[in-house]
1. Can you give the relative contact order of region 250-318 as a percent, counting alpha carbon pairs under 8 Å and 6+ residues apart?
2. Once each part is reduced to its C-alpha centroid, what is the distance from region 75-96 to region 155-180 in angstrom?
3. With +1 assigned to the C-beta of every Lys and Arg and -1 to the C-beta of every Asp and Glu, and no other charges, what is the dipole magnitude of the chain about the Cα centre in debye, to the nearest 20?
4. Can you say what percent of the DSSP beta bridges in region 141-329, counting only those with both residues inside, are antiparallel? Round to 5.
5. Only sites in a loop by DSSP and with at most 16 other Cβ atoms within 10 Å count here; which chymotrypsin sites (Phe, Trp or Tyr not before Pro) in region 291-345 make the cut?
6. Go ahead and estimate [θ] at 222 nm for the chain from helices alone: -39,500 (n - 2.57) per DSSP H run with n ≥ 4, summed, over the residue count, rounded to 500.
7. From the Cα gyration tensor of region 141-329, with a ≥ b ≥ c the square roots of its eigenvalues, which class applies: rounded if a/c is under 1.5, or else prolate if a/b is larger than b/c, or else oblate?
8. For ILE97, what residues show an amide H to amide H distance below 5 Å, using hydrogens built from the backbone and excluding near sequence neighbours?
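Just so it is clear, none of the values below were taken in a lab; they were calculated from the coordinates. Model, not experiment: these values are computed from the prediction. Don't worry about glycine lacking a Cβ; one is built from the backbone with ideal geometry, like all the others, and counts go over all protein chains shown.
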Amino acid sequence: MFNIFCDVIDNYGDAGVCLRLCRDLTKKNFHVNFFCNDLIALQKILSFQDIDNSLLSIKDWPNEENYESSTVVIQAFSVRLPKFLYTKFKEDKSLVINLEYLTAEPFAEDCHKLASYSNNIESFFFFPGFTNKTGGVVIEDFIKNLKKNENNNVDSITLFSYENPEVKFIFSLLNDLNKHFKIHVFEGKPLDNFNLQTSNHLKVGKSLQIDNLTFIGEKMVSQNKYDEFLSSSFINMVRGEDSIVRAMIIGRPFLWHIYPQEEDAHKGKINALFDVMKLYCSDKDAVENLRILTLKYNGFEQNISDFNFNEFIEKWIKISKEWSDHILSLGSLTDNLLSFVNQKICINHEKTR
């Protein structure tokens with residue numbers, strides 16, 4: 001059994017990553033207790049299958065009376081837990097794993113699977129990532145099947161972002177192509193930001209046309225439904241960790257609005273991603289152009305007026321497919337995690353014999 005703990009910091013992203021891992025573990029016949037401190041946010045991305053899943057128990061933060069021990073404990077994204085839990089982990093001799101944030105930065109390879117000692121227990125770092133020296137990302141069979149759908153809608157675009165004035169620049173690039181695009185803007189921060197930046201009042205279930213672009217207000221949907229949106233779109237403008245991973249796996253052109261950090265630390269994460277992409281994509285110049293466009297979208301590049309968007313599109317499609325194939329070749333984080341768990345449990349058994 002797995003106990004997974006998640007402290008929701010930005011609505012859906014942290015919970016979304018954990019939920020995908022939980023769901024995938026249950027499909028491999030493991031019972032999972034998912035402890036989340038924001039069940040309201042979590043409810044918005046649950047599917048009926050999650051609710052009916054007998055191997056998945058979604059719970060609020062536990063107390064000393066109702067905590068159920070487990071063989072494996074996963075602390076997601078530097079979560080801080082009540083002190084009594086660390087005592088319980090030690091008493092139960094649980095294998096404790098620190099699931100870290102996704103990054104392409106070199107330290108992820110260096111620290112992956114290393115032991116850590118804090119709160120009077122031993123735990124192990126497990127880094128998602130984009131090379132075979134990391135844990136990869138969660139890849140379900142469902143998403144593999146969606147990737148096979150090559151009939152993507154050439155006029156459909158998804159928009160899922162934080163507050164970002166640079167969406168107006170992207171809209172202008174798309175409008176200059178002189179093609180009609182339907183842009184699906186999801187409720188919450190993406191829709192609020194769209195209305196703020198364009199001085200409109202688009203609502204969920206309504207549409208609005210501006211020049212060659214039709215904007216459609218979409219409600220928040222389950223993860224499976226969101227994956228379907230991504231798989232049938234021409235371009236996916238995504239944010240954070242969970243949605244960028246899905247867009248990458250799908251293999252459509254993606255534009256990433258990364259979670260902003262103090263002192264512009266997120267700029268290093270953007271550059272690290274494209275440094276790795278250049279190793280596995282055949283068109284290095286196209287990767288550099290995507291880096292420039294992504295930096296602009298995140299507010300770092302001020303002047304790219306000579307960017308030839310129309311010429312870039314076909315190259316963007318090609319490197320997106322190559323990058324997807326590379327990520328799939330690394331195997332799923334779920335399987336890589338289970339392999340590590342089995343290895344550590346076997347070692348512990350040998351020590352106690």
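1. 38
2. 44
3. 620
4. So the antiparallel bridges amount to about 20 percent of the total.
5. PHE300, PHE307
6. -13500 deg cm²/dmol, from helical runs alone.
7. Cα axes put region 141-329 in the rounded bin.
8. For ILE97, the qualifying residues are VAL73, ILE74, GLN75, PHE124.
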